[in-house]
Amino acid sequence: MSRENVNETAKLVLPNGQEIDLPVAHSTDGYDGVELGKLLSETGFITLDNGFVNTGSVKSQITFIDGDEGVLRYRGYSIEELAEKSTFMEVAYLLMHGELPDFTQLEEFRMGIKYNTELDWDFRKIYEAIPRDGHPMPSIAGAINLLSNYNQSCLDPHDPEQVEKATQVIMGQVPMIIADIYRRLHGMAPMYPRHEYTLVENFLRMMFGSPSQEYELDPELVHTMEVLLILHADHEQNCSTSTVRTVGSANANLFVSVAAGVDALYGPLHGGANQAVLEMLENIRDNGGDADKFMEKVKNKEDGVRLMGFGHRVYKNYDPRAAIVKKHAHRVIDMLGGDELLDIALELEDRALNDDYFVERRLYPNVDFYTGLIYRAIGFPTDMFTPLFSFGRLPGWIAHWREQNADPRSKIFRPRQVYQGETERTYIPLEERQ
Ligand code: ACO
């Protein structure tokens, strides 16, 4: 039975003896929440939750995670089933619209995106200002911000037609921007998307093809990319999605909200971890392949070294995405001729899973632990790993932004603070300061 409409309250007793009954928000699966909205006005107290480890910021119907059991579902469908049977386009539609599309809906969705892949010629001139030695992520975020000015007819967050158009432009053009920026950074001639290819095929063509010859797509690699994009498509209220929601809560348009998500994802504790994992594995290899020495450093917290690709705020069990990626990593890497870094990764994982330090803290591989190895086998340079994550996460960011804008209960995000600075004091003129 659904408990969503059951009226329950939680009693909170404050240090001054005051009591307050707070309404309970019931979930359909997972944790219930205690609604705190009236706590300040009725008691003068706020709640404090550093890093939001225990704070629900929204009611959402998109993605469910059970971190203890290692469960991830988009709109009720298990990630394992979607990765095996679905496509990235179908999953994107599912996340945004709540249901799997029928044939006509999927065709319309795909066509809307396909006919919006081409970038304005003036827009492409911005690449000339991008330094060749910089990381692609800030440039991608900058370019998406600018898309806002190139698409001024679809900026109204409350007009469904404009939101649909902005969705198509972002889904169609951001992957092309990522490929364009890659080509710019590597001094390669520009490519153009072609309508006979799917979004993922066009992306691979624009990354690895040449304007002067046909690009031969490998169906195995296209399939692997589809799976990886599906695995990254959403992960409920993670750092970048919460950023997209925060920016969007000010009624900012979809383009600038998604650009903010790209910036948040760039951080090495979030999407930047896939690049950090590869660099860590290369480092271990270059130092003689001694995993023991590295693990000792991690456990002694020397120089803040962490086992990158391990641990997660929500998963206290094996990240279900990591299990799927691991399977594909073996397949793709074997197919492409092996990789000594995979052996190092397997050894690190084995040691960590049998080591008290990791067991006690419930640290398991997350999605980033094996993805970089697949990207490397396909031929992506290390600094493209996080951009690939941002490509995959586009549907999730858009779905959350749309859900928020369609919800009449949405409010601008504006957390409070417990102030611990100086109390009021008198200004001392400069010449009188000691
Ligand atoms: N290696 C070694 N120790 C770790 C690791 C790790 N990867 N992750 C957590 N710990 C330790 C911490 O030092 C801490 O130890 P302590 O209790 O002795 O102080 C304990 O485990 C808890 O760690 P927190 O940092 O408090 O956990 P939090 O939930 O805040 O952080 C995070 C989660 C950021 C993912 C963390 O596990 C981490 O830094 N992992 C490595 C980076 C990474 O892989 N990020 C990708 C996350 S998935 C994603 O964003 C797609």
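If you sort Leu341, Leu119 by accessible surface, 1.4 Å probe, largest first, the order is Leu119, Leu341. With q set to 0.15, 0.20 Å⁻¹, the log10 of I(q)/I(0) for the range 196-349, from the Debye formula over equal scatterers at the Cα positions, is -1.05, -1.36. Here the label points at Ser210 and His26, each 7 Å from Cα along the C-beta direction, are separated by 6.5 nm in the simple model.
Quick check on the range 292-334: take the gyration tensor over C-alpha atoms, sort the square-rooted eigenvalues as a ≥ b ≥ c, and tell me if it's rounded (a/c under 1.5), prolate or oblate. Note, shape of the range 292-334 comes out oblate.
A 1.4 Å probe run over the protein chains yields, for the range 8-66, 68 Å² of accessible area per residue, whole-number rounding. Over the chain, dividing the summed -39,500 (n - 2.57) contributions of all DSSP H runs of at least 4 residues by the number of residues returns a 222 nm mean residue ellipticity of -15500 deg cm²/dmol.
Taking label points 7 Å from Cα along the Cα-to-Cβ direction, Glu302 and Thr47 give a separation of 4.2 nm. By the Stokes-Einstein formula, at 0.890 mPa s and 25 °C, the chain with its Kirkwood radius over alpha-carbon pairs has D equal to 104 µm²/s. Put simply, the amide H of Val34, placed in the peptide plane, has neighbours under 5 Å in Ala25, leaving out anything fewer than 5 places away on its chain.
Span-like helix check, the chain: qualifying full DSSP H segments, with Cα axial length of 24 Å or more and mean Kyte-Doolittle of 0.0 or more, are 160-185.
Shape call for the range 104-160 from the C-alpha gyration tensor, a ≥ b ≥ c root eigenvalues: rounded (a/c under 1.5), prolate (a/b greater than b/c) or oblate? Since a/c reaches 1.5 and a/b is larger than b/c, the shape of the range 104-160 is classed as prolate. Here's the list of lysines a cross-link from Lys326 could span, going by alpha-carbon distance under 27 Å and ignoring same-chain residues fewer than 8 apart: Lys85, Lys293, Lys297, Lys299, Lys301, Lys316. Each residue was assigned an accessible area with a 1.4 Å probe, and for Leu185 the value is about 20 Å². Dividing the alpha-carbon radius of gyration of the range 257-300 by the rule-of-thumb value 2.2 N^0.38 Å gives 1.53.
Residue ranges 67-79, 312-324 sort as 312-324, 67-79 when ordered by packing (mean number of other C-beta atoms within 10 Å per residue, highest first). Quick note on the range 186-279: its Rg to Rh ratio, both from C-alpha atoms and Rh being the Kirkwood radius, is 1.05. For the range 19-100, the fraction of C-alpha pairs farther apart than 22 angstrom is 44 percent.
What the Cα convex hull of the range 83-232 gives, in volume per residue, is 126 Å³. Backbone amide hydrogens, once placed in the peptide plane, bring Arg194 within less than 5 Å of nothing, excluding anything fewer than 5 places away on its chain.
Think of a 1.4 Å ball rolled over the protein heavy atoms: the range 269-322 then has 49 Å² of accessible area per residue. Would you look at the GNM of the chain, springs on alpha carbons closer than 10 Å, and say which of Arg414, Arg194, Arg184 moves the most? The residue with the greatest mean-square fluctuation here is Arg414. Accessible surface of the chain, 1.4 Å probe: 48 percent of it comes from carbon and sulfur atoms. With the contact rule set at Cα under 8 Å and sequence spacing of 6 or more, what percent relative contact order holds for the range 162-213? Here the relative contact order equals 36 percent. Once backbone amide H atoms are built at 1.01 Å from N, Asp319 has no partners under 5 Å, excluding neighbours fewer than 5 places away on the same chain. Quick check: from the Cα gyration tensor, does the range 314-399 come out rounded (a/c under 1.5), prolate or oblate? Oblate shape, in that a/c is at least 1.5 and b/c is the bigger or equal ratio. With contacts taken as Cα pairs under 8 Å and at least 6 residues apart, the chain reaches a relative contact order of 19 percent. Residues considered: Phe380, Phe45, Phe255. Largest GNM mean-square fluctuation over the chain, using C-alpha springs under 10 Å, is found at Phe45. A 1.4 Å probe, protein heavy atoms only, puts the accessible area of Phe88 near 0 Å².
The values are calculated or read from the model by the stated rules, or taken from the named source; none is laboratory data. If you're wondering where the values come from, they're calculated on a predicted model, not measured in any experiment. A quick note on method: Cβ atoms are made from the backbone with ideal geometry, for glycine too, and the neighbour counts reach across all protein chains shown. These area figures cover heavy atoms from the full protein model, side chains too; ligands, DNA and RNA do not enter into them. Shrake-Rupley method; radii C 1.70, N 1.55, O 1.52, S 1.80 Å.
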